[in-house]
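Below is one structure; the comments refer to it alone.
The values are calculated or read from the model by the stated rules, or taken from the named source; none is laboratory data. Remember, it's a predicted structure, so these values are computed and weren't measured experimentally. When we count neighbours, we look across all protein chains shown, and the Cβ atoms used for this are built from the backbone with ideal geometry, even at glycine. Accessible surface is based on the protein model in full, side chains and every heavy atom, while ligands, DNA and RNA are left aside. Shrake-Rupley method; radii C 1.70, N 1.55, O 1.52, S 1.80 Å.
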Amino acid sequence: MKPLSLHVRDEGNGPAVLFLHGFPLNGGMWDRQIAEIRTRARVLVPDLPGFGRSVPTPEPPTIEDFADLVLAALDARGIDRVTVVGLSMGGYIAFRLVERLGERLAGLLLADTRPNPDTEEGARLRHVLAAKVEAQGVEPAIEEFLPKLLGPTTFRTRSAVVERVREIIRGNQPAGLAAALRAMAGRPDSTPLLSRLRCPVLCVAGEEDALTPPEVARAMAEQIPGGRWIAIPSAGHLTNLEAPEAFGIALAELLDLIG
Ligand code: MLT
């Protein structure tokens, strides 16, 4: 993979916190968290290739390539210690950063994610959707993902959140979405990494998350030395957007622990 420079929002001062967005969103999903913690931390928020303001990669990327690009963005800024917050696909990339960062990893918040790879059928469906997105644009991804990303409480009571998610997705390029779908379909099993984690780790899941329910967060935390987990009420898969107050408290507690 040729080096490619990601667009990275880099704001605030203090210990570095890296936010990795989920699929099919972009760094814009973290606006509220950025505003809240830039008074106490240096916040780094990349858009992955083909998402938001980052260009797609010239060749098909893997999840490992995404991790390399994110690491290059940290290295270019001289970041030596970092807490990583990854939601769903962002979590898949966070797992691949564990060995790359080693001792530089200060803490980890794994939101609505899972360490295991796709099933064969799951991977096949991603390839089908990737081809559809290439042919028709981002709308098929909205149709397919939106009902799974947000919980029933959000659909019932938070229409502004539903609209914001649509708007964020429309800020991405079809080529970026298609490439990320194929990258996720081929991602490796990160389960063996869990027992090797040595930093404070918090696993979070929305109680209404249909994609990665709280049992997934609990099972993941149980394999991590000292790993903790919480379920966030009235939230689906996008906990930071659906329940920002509860998400903010969880993140602040993790950052307090790291010091
Ligand atoms: C995400 O939110 O990043 C996606 O749900 C991840 C996935 O499709 O596996």
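Looking only at residues in the stretch 13-36 that are more than 16 Å from the ligand (Cβ to nearest atom) and in a loop (DSSP other than H, G, I, E, B), which one is surrounded by the most Cβ atoms within 10 Å (Cβ to Cβ)? Ranking the qualifying residues of the stretch 13-36, first place goes to 15. Residues of the stretch 92-132 that are open to solvent by less than 10 Å² (accessible area, probe 1.4 Å), within 18 Å of residue 177 (Cβ to Cβ) and of a type in the set (Gly, Ala, Ser): 130 alone.
Would you please name the residue that is farthest from residue 8 (Cα to Cα), looking only at residues in the stretch 75-90 that are within 12 Å of the ligand (Cβ to nearest atom) and not in a helix (DSSP H, G or I)? Checking each candidate, the answer is 88. Residues that are within 22 Å of residue 82 (Cα to Cα), touching a Leu at 6+ places or on another chain (Cβ under 8 Å) and buried (at least 18 other Cβ atoms within 10 Å of the Cβ) are absent from the stretch 182-195.
Each residue in the stretch 17-63 was checked for being of a type outside the set (Val, Ile, Thr) and without any contact (Cβ under 8 Å) to a residue 60 or more places away in the chain, and 11 of them qualify. Checked against (1) more than 21 Å from residue 51 (Cβ to Cβ); (2) in a helix (DSSP H, G or I); (3) touching a Leu at 6+ places or on another chain (Cβ under 8 Å), residue 102 passes all but a single condition, namely (3).
With respect to residue 49, determine if the residue is away from the ligand (no atom under 14 Å from the Cβ), closer than 22 Å to residue 141 by Cβ and at pLDDT 95 or above. Yes; evaluated as a whole, the condition is true for this residue.
Yes/no matrix, rows are residues, columns are (1) in contact (Cβ under 8 Å) with a residue 60 or more places away in the chain; (2) of a type in the set (Phe, Trp, Tyr); (3) within 16 Å of the ligand (Cβ to nearest atom); (4) part of a helix (DSSP H, G or I):
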| position | (1), (2), (3), (4) |
| --- | --- |
| 92 | yes, yes, yes, yes |
| 107 | yes, no, no, no |
| 114 | yes, no, yes, no |
| 118 | yes, no, yes, no |
| 135 | no, no, no, yes |
| 155 | no, yes, no, yes |
| 162 | no, no, yes, yes |
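Scanning the stretch 201-219 for residues that are touching a Leu at 6+ places or on another chain (Cβ under 8 Å) and either open to solvent by 40 Å² or more (accessible area, probe 1.4 Å) or part of a helix (DSSP H, G or I) (or both) gives 211, 217. Among the residues of the stretch 144-163, those that are open to solvent by 10 Å² or more (accessible area, probe 1.4 Å) and of a type outside the set (A, V, I, L, M, F, W, C) comprise 144, 147, 148, 152, 153, 156, 157, 158, 159, 163. Within the set 198, 166, the sole residue that is more than 12 Å from the ligand (Cβ to nearest atom), open to solvent by 10 Å² or more (accessible area, probe 1.4 Å) and in a helix (DSSP H, G or I) turns out to be 166.
Taking residues in the stretch 175-193 that are over 15 Å from residue 132 (Cβ atoms) and within 11 Å of the ligand (Cβ to nearest atom), and partners anywhere that are open to solvent by 10 Å² or more (accessible area, probe 1.4 Å) and aromatic (Phe, Trp, Tyr), the pairs with Cβ atoms closer than 6 Å and at least 6 places apart or on different chains are 187/92.
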